[in-house]
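J.: Mind looking over this structure? Questions follow.
The values are calculated or read from the model by the stated rules, or taken from the named source; none is laboratory data. Computed from a prediction, not measured in an experiment: that's the story for all the values here. Please note: Cβ atoms are built from the backbone with ideal geometry, for glycine as well, and neighbour counts cover all protein chains shown. Remember, those area values only see protein heavy atoms, side chains included, never the ligands or the DNA or RNA. Shrake-Rupley method; radii C 1.70, N 1.55, O 1.52, S 1.80 Å.
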Number of protein chains: 2
Amino acid sequence: MAEATKFLLPESEIPETWVNLLPDLPGTRAPPLHPATQEPVGPDDLAAIFPMGLIEQEVSTEPEIPIPDEVREIYRLWRPTPMHRARRLERVLDTPAHIYYKYEGVSPAGSHKPNTAVAQAFFNKQAGIKKLATETGAGQWGSALALGCGFFDLECEVFMVGISYDQKPYRRVMMETWGATVHRSPSDLTEAGRSQAEHPSGSLGIAISEAVETAAGSDDTNYSLGSVLNHVCLHQTVIGQESLKQLELAGEYPDVVVGCVGGGSNFAGLSYPFVRRNLRDGLETRFVAAEPAACPTLTRGAYRYDFGDTVGLTPLMPMYTLGHDFVPPPVHAGGLRYHGDAPSLSGLVKEGVMEAKAVLQTAAFDAAVRFARVEGIIPGPEPAHALRAAFDEAEEAKRAGEERVILIGLSGHGHFDMSAYEAFLAGELEDLEFSEADMESALERLPEAPALT
Amino acid sequence: MAEATKFLLPESEIPETWVNLLPDLPGTRAPPLHPATQEPVGPDDLAAIFPMGLIEQEVSTEPEIPIPDEVREIYRLWRPTPMHRARRLERVLDTPAHIYYKYEGVSPAGSHKPNTAVAQAFFNKQAGIKKLATETGAGQWGSALALGCGFFDLECEVFMVGISYDQKPYRRVMMETWGATVHRSPSDLTEAGRSQAEHPSGSLGIAISEAVETAAGSDDTNYSLGSVLNHVCLHQTVIGQESLKQLELAGEYPDVVVGCVGGGSNFAGLSYPFVRRNLRDGLETRFVAAEPAACPTLTRGAYRYDFGDTVGLTPLMPMYTLGHDFVPPPVHAGGLRYHGDAPSLSGLVKEGVMEAKAVLQTAAFDAAVRFARVEGIIPGPEPAHALRAAFDEAEEAKRAGEERVILIGLSGHGHFDMSAYEAFLAGELEDLEFSEADMESALERLPEAPALT
């Protein structure tokens, strides 16, 4: 039999700490600002909707944060996740590159999202909270939180964007199977929902408002977010830490790490442990953040203070943004349709530690189908963007005649996205246009805030 | 951290041979008979639609059959599959039993089916065949064969039961993503299909006829079957062999092995390596075959010679049957809706080596939802039947106050079956009735054939 293809770790190798990149981040650190006062946000401002355990993580300057045993106990149901050497893909791409992918689709929810959902459920349970409220678009995050809450006997209330609720009933059923209650948003359960009754299709912005309102209005209910924030990126670093060990088993170290970026937590989770090595040891690994050309936050956005949500309830965060009320075209990679990016990741791009690359969705699906036919796994539309960028790296390695090591974050499977594959195979997938004019106009509506340097 | 939950094997532990139980089977061996002459079927009778490599396996009396390197190379993409100790489930069931499940849902197609699809594609490729034709109902087998053919650059033509083709477009898209051509059956591509134009919903029987006709009419096209036959059960024994090693890692040996049975290949694959130990070493492990109460072949059927397909094209096989033209009620476990069972497995039940148990589908889904909420994985409707039977075993262990070791075959996930969960959660899932009268009438239409002892 040929050389190793799959690199597995025993469950004793599940990381014992999360990697907090904050103390190592280069550049000046701009704090999040209160939306009304524009003063730096303090723990008390967040305490209405987050438990103190997570607030401490959000602002911690400790480089390592212990993972509670109760969380590692749950991680063991699917972690450590496998890393594969894509030998069959290397052959069809005819590249000297060594291509590895870290596969998070083995989690019960089918993506990396449960890594943080479980942690957030635990810290809320510990704080005596009874229920978590959240929003979901296509349903990946909602199902992860439903799963996480189930493990800790927390109620879970999900506001699902109306049009997704109608078009993706199976994601809703998945959440219900794990015990969550799912509301079509806009609902008549909240002031925010009732005020938006004239937008029956809903939007992520409206759903966030409904979830935040639900949490803020109840002592035993908190809010939970699936990306962007520091503590969310933190929880995902189990991915990169395992990857480090698995590449060590393979006797390799990456020349380039590639992942897809919506809010940024998936790529942060994969890359931050490697980024820290780069920063501390002067290594030269490249980091490529792949984003949809229809929502090119990192490649075309402005580096400014902006709200995290559409309606402006959240703190102002320093990040690349297309404007908080920019509405991305409806590309199939629902998880990448976000106007901003995690502040930590935005800062790394700003400082030149990370590169960003915009990918057309037809090119992404073309890569995904080629990948599926040799490696078997059908990728989610989001990591399909990372695959496209990785294929380009493999091509480049071939031109250079170099045995470069490429590590790809394969963040989830596409079992609930087959309609997108159907459109692609039928030649009906469109490369939706990013509207520079819409962005310009959205940027004009950015809140007044200090400039970022 | 608590004791081990997950038992993983390195890829070097993928079995090097398949376990052939035939030479160890107790009782007299009744040969398959030619449908026209009722003479024992010889290799030449099968050569029109199967390659000699598989025909040899079908009749081999060698106890071990080597797995070609090319097949093991593909197995490595997902094998060895994980075995989990269901500690969280044990706690909620409050049972002293030790519950283990072997999970085949990590394969790209989401079930155990690729274990044989890849092997069948390989032996056909080796024989110079260019295309495989097959039928599929709900789509599990068709997607596995599409995947298998893709790995060996074989064309794959799938006749999909009309009503499934209309209701389960995502399984069709999955097959197409892997490169297969999918026809709605009855089609106008075959004589069999054209003759059934008045049954536009189609049936598995019609789809089999279309696939067999396609294979028989072309020199470079063969037919491929996803269960029942000896060589299919054989290929699945990688499951049980890995399970033996994994339980050894856990320091345990099963008191009872539980799996679901439609055509029988999944449970054969899990159990035969253990059955052989029982037979050779006089062990007393129990084997429980869980089948749907709506299609109770093993618990209510007759042990007789019957056709494998509805219209009577296949050899006559000795097995438990409800009659080849018995139409099982449309339970959600599409993979368990089969009138017969693998001859080898039927023989084991007849000889008392295996037990069979009929399970109502509401009871199966109740077990599946409880399982999903503590173990995370959402089971397919088929293994949900095995879970129900295993829960009963755990209950029995509790009554007896014994630390029994229960091994469950969790043959696949339910990502493409969420409509069934939706019906269950809404209280709309029916326990469809097995019609004894229909069976009686179907048994009256059994072919004339020698009696079985």
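J.: Would you grab the residues whose amide H sits under 5 Å from the one on B:PHE287? Only those 5+ places off in sequence or on another chain, please, with H modelled 1.01 Å from N.
T.: Correct list: B:VAL257, B:GLU355.
J.: With an 8 Å Cα cut-off and a minimum separation of 6 or more residues, compute the relative contact order for chain B in percent.
T.: With pairs under 8 Å counted, the relative contact order is 19 percent.
J.: A further question on this structure: Can you work out the accessible area per residue across chain A, with the rest of the protein chains kept in place, probe 1.4 Å, in square angstrom?
T.: Per-residue value: 34 Å².
J.: To check you understand DSSP bridge types, tell me what percent of the beta bridges within chain B (both residues inside) are antiparallel, rounded to 5.
T.: In chain B, approximately 35 percent of DSSP beta bridges are antiparallel ones.
J.: Now a separate question. Taking the label point as lying 7 angstrom from Cα along the Cα-to-Cβ axis, what are the distances from A:ARG370 to the corresponding position in the remaining copies, in ascending order and in nanometres?
T.: Relative to the other copies, A:ARG370 has label-point distances of 4.9 nm.
J.: Would you please give the residues with an amide H less than 5 Å from that of B:PHE7, counting only those at least 5 places away or on a separate chain, with H modeled from the backbone geometry?
T.: Here the answer is B:MET83, B:HIS84, B:ARG85, since their amide H atoms fall under 5 Å of that of B:PHE7.
J.: Checking the a/c ratio against 1.5 first, then a/b against b/c, what shape does the Cα gyration tensor give for the protein assembly as shown?
T.: prolate
J.: Helix-only mean residue ellipticity at 222 nm, the protein assembly as shown, DSSP H runs n ≥ 4 weighted -39,500 (n - 2.57), per residue, nearest 500. What is it?
T.: Value at 222 nm, helices only, nearest 500: -12000 deg cm²/dmol.
J.: Just to check I understand the Karplus step: with θ = phi - 60° and J = 6.51 cos²θ - 1.76 cosθ + 1.60, what whole-Hz values come out for the stretch B:71-81, glycine and proline as x?
T.: Listing the rounded values in order: 6, 4, 4, 6, 3, 4, 4, 9, 9, x, 7 Hz.
J.: So what's the net charge close to A:PHE7: Lys and Arg +1, Asp and Glu -1, counting the other residues with Cβ under 12 Å from its Cβ?
T.: Neighbour charge sum, excluding A:PHE7 itself: -1.
J.: In addition: Contact order normalised by length for the stretch A:240-361, with contacts defined as Cα pairs under 8 Å and 6 or more residues apart; what percent is it?
T.: Once divided by the residue count of the stretch A:240-361, the mean separation gives 28 percent.
J.: Leaving ligands, DNA and RNA out of it, rank B:THR116, A:THR181 by accessible area with a 1.4 Å probe, largest first.
T.: Heavy-atom accessible area, descending, gives A:THR181, B:THR116.
J.: I've got another one for you. Label the stretch A:173-243 by shape, choosing from rounded, prolate and oblate, from the square roots a ≥ b ≥ c of the eigenvalues of the Cα gyration tensor; if a/c is under 1.5 it is rounded, and otherwise prolate applies when a/b is larger than b/c, oblate when it is not.
T.: Verdict is prolate for the stretch A:173-243.
J.: Taking every pair of distinct Cα atoms and averaging 1/r, then inverting, what Kirkwood hydrodynamic radius in Å comes out for the stretch A:204-313?
T.: It works out to 16.2 Å.
J.: Given just the C-alpha atoms of the stretch B:296-453, how large is their convex hull per residue in cubic angstrom?
T.: 136
J.: Report, to the nearest whole %, how much of the accessible area of the protein assembly as shown belongs to carbon and sulfur atoms, 1.4 Å probe, protein only.
T.: Ligands and nucleic acids excluded, carbon and sulfur reach 48 percent.
J.: A follow-up question, please. Return the Cα extents of chain A along principal axes one, two and three, sorted largest first, each rounded to a whole Å.
T.: 61, 47, 47
J.: Which log10 I(q)/I(0) values does the stretch B:1-148 give at q = 0.14, 0.15 Å⁻¹ under the Debye formula, counting every alpha carbon as one identical point scatterer?
T.: Rounded to two decimals, the profile gives -0.90, -0.99.
J.: Please say if the stretch A:384-453 is rounded, prolate or oblate, where rounded means a/c under 1.5 for a ≥ b ≥ c the square roots of the C-alpha gyration tensor eigenvalues, and otherwise the choice is prolate for a/b larger than b/c and oblate otherwise?
T.: oblate
J.: Out of all DSSP beta bridges in the stretch A:75-189, what portion is antiparallel? Express it as a percent rounded to 5.
T.: 20
J.: Roughly how much of B:GLU422 is accessible, in Å² to the nearest 10, using a 1.4 Å probe?
T.: B:GLU422 exposes around 60 Å² with every protein chain in place.
J.: For B:GLU64, go 7 angstrom from Cα along the Cα-to-Cβ vector, then report the distances to that same point in the other copies in nm, smallest first.
T.: Listed shortest first, these distances are 4.5 nm.
J.: Another question, if that's okay. To the nearest 10 Å², what's A:LEU25's accessible area with a 1.4 Å probe?
T.: The value for A:LEU25 is about 30 Å².
J.: Also, I was wondering about something else. Count the net charge of all other residues whose Cβ sits under 15 Å from the Cβ of B:HIS112, scoring Lys and Arg as +1 and Asp and Glu as -1.
T.: With Lys, Arg at +1 and Asp, Glu at -1, the neighbours total 0.
J.: So what is the orientation-averaged projected area of the stretch A:222-269, using the convex hull of its C-alpha atoms, in nm²?
T.: Reported value for the Cα convex hull: 3.7 nm².
J.: Along Cα-to-Cβ, 7 Å out, sits the label point; list in nm, shortest first, how far the one on B:ARG399 is from those in the other copies.
T.: Nearest first, the other copies' label points are 7.2 nm away.
J.: Kindly point out, ordered by number, any Cys in the protein assembly as shown whose beta-carbon has no other cysteine beta-carbon under 4.7 Å away.
T.: A:CYS233, A:CYS260, A:CYS295, B:CYS233, B:CYS260, B:CYS295
J.: Okay, next question. Of B:LYS131/B:LYS168; A:LYS357/B:LYS6; A:LYS6/B:LYS113; A:LYS245/B:LYS245; A:LYS113/B:LYS102; B:LYS350/B:LYS398, which pairs sit farther than 27 Å apart, going by alpha carbon to alpha carbon?
T.: Violating the 27 Å Cα-Cα cut-off are A:LYS357/B:LYS6; B:LYS350/B:LYS398.
J.: I would also like to ask the following. Ignoring ligands, DNA and RNA, how do A:ASP341, A:ASP431, B:ASP438 rank by accessible area with a 1.4 Å probe, largest first?
T.: B:ASP438, A:ASP431, A:ASP341
J.: Sticking with this one: Out of residues 5 or more away from B:GLY412 or on other chains, whose amide H comes under 5 Å of its own, with H placed 1.01 Å from N in the peptide plane?
T.: Amide H to amide H, under 5 Å and 5 or more residues apart or across chains, B:GLY412 pairs with B:GLU104, B:GLY105, B:GLY380.
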